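S.K.: Have a look at this one before I ask anything.
The values are calculated or read from the model by the stated rules, or taken from the named source; none is laboratory data. Everything numeric in this text was worked out from a predicted model, so none of it was measured. Note: ideal-geometry Cβ built from the backbone for every residue, glycine included; neighbour counts use all protein chains shown. Just the protein is used for accessible areas: all its heavy atoms, side chains included, with ligands, DNA and RNA removed. Shrake-Rupley method; radii C 1.70, N 1.55, O 1.52, S 1.80 Å.
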Amino acid sequence: MLYDRTRLRAAAAQRGDQGFDQVKVRLNVSRATAYRLWTGRGEPRARTAAAVHREYGLHAHELVEQVSA
């Protein structure tokens with residue numbers, strides 16, 4: 001499974017967040033964490049995934065893409 005940033009970006013846009021700095025504030029995470037999530041360079045850990053669910057309504061399983069072997 002791979003983290004799919006497009007779902008987070010779409011959910012953020014629906015809430016009016018257009019960049020990682022706005023995601024940082026809404027999720028109460030570091031700028032580095034928000035940047036990694038926004039650019040797809042890292043997947044959310046449990047605490048961040050919980051914040052994504054709370055703020056954007058996305059469950060952790062919705063943030064990953066199934067990859068066939």
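S.K.: Could you give the length gained by full extension between A32 and D4, i.e. 0.36 nm per residue of separation minus their alpha carbon distance, to one decimal place?
M.R.: 8.3 nm
S.K.: Here is a follow-up. List the residues whose amide H sits under 5 Å from the amide H of Y3, counting only those 5 or more places along or on another chain, with H placed 1.01 Å from N in the peptide plane.
M.R.: Residues meeting the criterion, in which the H sits 1.01 Å from N, are E65.
S.K.: Compute the accessible area per residue over the chain, keeping the other protein chains in place, probe 1.4 Å, unit Å².
M.R.: Per-residue accessible area for the chain comes out at 67 Å².
S.K.: May I ask for the angle, rounded to the nearest 10°, between helix 46-56 and the longest principal axis of the chain, with both axes built from Cα atoms and the value confined to 0 to 90°?
M.R.: It is inclined by approximately 60 degrees.
S.K.: While we're here: Using 16 Å as the cut-off for backbone N distance, which residues of the range 39-59 belong to the label zone defined by a point 7 Å from the Cα of Q22 along Cα→Cβ?
M.R.: Label zone hits: 39, 55-57.
S.K.: May I pose another question? Counting only protein heavy atoms and using a 1.4 Å probe, what share of the accessible area of the chain belongs to carbon plus sulfur, as a whole percent?
M.R.: In the chain, the share of accessible area belonging to carbon and sulfur is 48 percent.
S.K.: Given a Förster distance of 30 angstrom, what is the FRET efficiency for A13 paired with R45, based on the Cβ-Cβ distance and rounded to 0.05?
M.R.: So, using R0 = 30 Å, E works out to roughly 0.85.
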